[in-house]
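A.B. asks: Here it is: the structure, laid out below.
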Amino acid sequence: MRKLGLIGGLGPGATVQYYERLAKANPGEMLMIHADMDHVRCAIERNDLDGLAAYLSHLVERLAAGGAEVAAISAVTPHICIRQLEPISALPLVDITKMISAEVRERGYRRVALFGTRFVVETSMFGLLDGIQVVVPPQVDAVHDCYMRIVNGETEPRVTLSRIAHALPVDAIVLAGTDLALVYNESNTDFPHVDCVGTHVRAILNALT
């Protein structure tokens, strides 16, 4: 198997989810590097996509120097610069946005809403879900606030998000924030959904073989 280089730390809880799921599949050797969340967040808030791509490509170079052959980022929001990052990346990237788009199509969902950061929700995942009707919830601020509280370790916001999910006129909710895997799983999610962490991890494992 090829060696994986994982960019983590965005946030740490989701990184743990990735590691646990990947390790359970016995993927062979794997390297991880912890990104500077504040640096990434500030670049996104400034809309400095070239600067963010340059920073992430530097992390990929360090992973490649350690022997990694495939790279992935364990967060959705940093993929806002994926168009800028792919041409300069030292390693092939397993792009979570492509994987989510393929999963939505495969399941036959025509109309979806996204749960995650404001940057993901308001831009319909950066306009990368071509041909899929994405409904932007009127409760964008509440969704963003709930998500960030989950990133910071709270679990109560799941109740609010679930209530919003049931009220939206969509076929499914895309859990488009990797930290949502900390509070949602198959046993406690009572609405149609796409688990972006599970989708991404499966794609990563396929890329390693």
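A.B. asks: Of the options I80, P12, V70, report the single residue whose Cα projects farthest towards the positive end of the charge dipole of the chain (beta-carbon charges: Lys, Arg +1; Asp, Glu -1).
C.D. replies: The residue sitting farthest along the positive end of the dipole is V70.
A.B. asks: With a 1.4 Å probe and every protein chain left in place, work out the accessible area per residue of the chain in Å², rounded to a whole number.
C.D. replies: Normalised by residue count, the accessible surface of the chain is 45 Å².
A.B. asks: Same structure, new question: What relative contact order, as a whole-number percentage, does the chain give when Cα pairs under 8 Å and 6 or more residues apart are counted?
C.D. replies: That works out to 24 percent.
A.B. asks: Using a 1.4 angstrom probe on the protein heavy atoms only, line up D95, D171, D130 by accessible area, largest first.
C.D. replies: D130, D171, D95
A.B. asks: Any chance you could give the angle, 0 to 90 degrees and rounded to 10, that helix 12-24 forms with the longest Cα principal axis of the chain?
C.D. replies: 70 degrees
A.B. asks: Against the longest principal axis of the chain, how steep is helix 140-151, in degrees 0 to 90 to the nearest 10, with axes from Cα atoms?
C.D. replies: 50 degrees
A.B. asks: Something else about it: When the helices in the chain are scored as -39500 (n - 2.57) per DSSP H run of 4 or longer and the sum is shared across all residues, what 222 nm value do you end up with, to the nearest 500 deg cm²/dmol?
C.D. replies: Helix-only estimate at 222 nm: -14000 deg cm²/dmol.
A.B. asks: On a 0 to 90° scale, report how tilted helix 196-208 is relative to the longest principal axis of the chain, with both axes built from alpha carbons and the result rounded to the nearest 10.
C.D. replies: The two axes meet at around 30 degrees.
The values are calculated or read from the model by the stated rules, or taken from the named source; none is laboratory data. Small disclaimer: the values here were computed from a predicted structure and weren't measured. Note that we place each Cβ from the backbone using ideal geometry, even for glycine, and neighbour counts take in every protein chain shown. Ligands, DNA and RNA are stripped out before the accessible areas are found, and what is left, the full protein with its side chains, is counted by its heavy atoms. Shrake-Rupley method; radii C 1.70, N 1.55, O 1.52, S 1.80 Å.
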